[in-house]
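Data first, discussion second: the structure below is written as structure tokens.
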Amino acid sequence: MQLTPEIKAQLEEQKKQCVFCKIISKELNGKIVFEDDKTIALLDIYPALKGHTVFMLKEHYPMPAYVSGEEFKHKFGLIPALSKAVKEGMVMTGMNVFIAIGGAAGQQSYHFLVHLLPRENGDGFFNFLFDKNKKKLDEDGVKILQQNMPIMMKNHFGRHPANWHAGEGTVPSFLTSIYESSTVIYEDEKVLCVIPEKSLAKGHLVISSKDEEKFIENLSQEDSAHLFFTASFASTAVFEGLKAHATNIILKSGDSDDNPDGRLAVHIIPRWQDDGLDLLWKPKQSSYNLDEVASKIKDKTWKIKYQKEVKEIKKENIFVKPEVIRIGGKRNSVEDEIKRAIDKLRE
Ligand SMILES: [Zn+2]
């Protein structure tokens, strides 16, 4: 999204009040467990679960729409390594990644956060048990998502060409039953996005990785970034196409009571004001020593390093026509592309 002078001024105002910006500038102390030039991870001082970590870009953005493609890749490319470190530090079997976009989804900070929640069977956390409600999306809604998602993803691949991408790919056998029992919204070589049989809300989507890997921590940087890019576009698709007020993005991976098969999947849950869903935890003081836990996780994060893709120039030469990447020097944002795609459909 292009940052207008008004938005920039607004962001500057937000930054002055932002606790996380103050921790990043070291004006305030935080329980930092990882830090590089662009990102930082700290323990949540009101943890939902032991080892609850929040991860963010150092630059202050209130939502992912403002984040550049490069920064997005950097941040979400690091999720596997960071998940591994938090899980190993806490000796847990599972991991949730929780994102709230918008107040109705429980976004409580203007500094956009990703929550990492280490999980295990019997941990007593049932906020993400998704078999309670069944709310079906009507046919028009299905049609909107089936039209918009592929257009958004096509525009995305236009801006970020990938040498592995040619089309829909094939469905691996472990996803056959999901494929056959659900309504498919989008797929490519790496991901499958469907409306699940049991929906928590109208427009609930599930994105599965086509890699048979059960654990987020074993995905490559590129696969993780692509999974979250897809989740982010799915979120925009329900936000704009279904007029949701907000969305939650919740990744499940490995064993926990609410993920009996332990599979890796990302849920996109459209949210409306007063929709009665209760996914958030109540803030409470930690029952454990934060410094002790921080040092356990820190012991595992020191080796994490973002590997910038080196093949990018070659890919541009092969896949991108020059006029697509440079239109009079103006940089088109992903958000603009999405808006344009949707406006085109409405015409
Ligand atoms: Zn901030």
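Nothing in this text is a laboratory measurement; each read-out follows from the coordinates by a stated rule. Since we're looking at a predicted model, the values are computed, not measured. Please note: Cβ atoms are built from the backbone with ideal geometry, for glycine as well, and neighbour counts cover all protein chains shown.
Using Cα pairs under 8 angstrom and six or more residues apart, how large is the relative contact order of segment 5-346, in percent?
Value for segment 5-346: 24 percent.
Calculate the translational D of segment 1-149 in whole µm² s⁻¹ from Stokes-Einstein, where the hydrodynamic radius comes from the Kirkwood formula applied to all Cα pairs, the temperature is 20 °C and the viscosity 1.002 mPa s.
123 µm²/s
Measuring from the lowest to the highest alpha carbon on each principal axis, how far does segment 188-312 reach, largest first, in angstroms?
46, 44, 28
Toward the positive end of the charge dipole of the chain, about the Cα centre and with charges on Cβ (Lys, Arg +1; Asp, Glu -1), which of G51, A244, Q307 goes farthest?
Q307
So how strong a dipole does the chain carry about its Cα centre when Lys and Arg Cβ are +1 and Asp and Glu Cβ are -1, to the nearest 20 debye?
660 debye
Which log10 I(q)/I(0) values, to two decimals, does the chain give at q = 0.08, 0.10, 0.11 Å⁻¹ under the Debye formula with one point per Cα?
After summing over all Cα pairs, the log10 values are -0.37, -0.59, -0.73.
For segment 169-211, what D do you get in µm² per second when you plug the Kirkwood radius from alpha-carbon pairs into Stokes-Einstein at 20 °C and 1.002 mPa s?
206 µm²/s
Projected onto the charge dipole of the chain (+1 at Lys/Arg Cβ, -1 at Asp/Glu Cβ, origin at the Cα centre), which of V266, C21, A225 gives the Cα projection farthest towards the positive end?
C21
Sorted from fewest to most neighbouring beta carbons within 10 Å, what does the list L227, L3, L11 look like?
Final ranking by Cβ density, sparse to dense: L3, L11, L227.
So how far apart, in nm, are the two label points at E180 and E35 if each is 7 Å from Cα heading toward Cβ?
5.4 nm
Mind ranking 124-131, 270-277, 86-93 by how tightly packed they are, going by the mean number of other C-beta atoms within 10 angstrom, highest first?
Taking the mean over residues of other Cβ atoms within 10 Å, the ranking is 86-93, 270-277, 124-131.
Would you please state which residues of segment 18-58 a label at Q285 would reach in this model, taking the label point 7 Å out along Cα→Cβ and a backbone N cut-off of under 13 Å?
46-47
Fewest Cβ neighbours within 10 Å first, please rank H60, H267 accordingly.
H60, H267
Rounded to the nearest 20 Debye, what is the dipole magnitude of segment 8-147 about its Cα centre when Lys and Arg each give +1 and Asp and Glu each give -1 at the C-beta?
Its charge dipole is roughly 160 debye.
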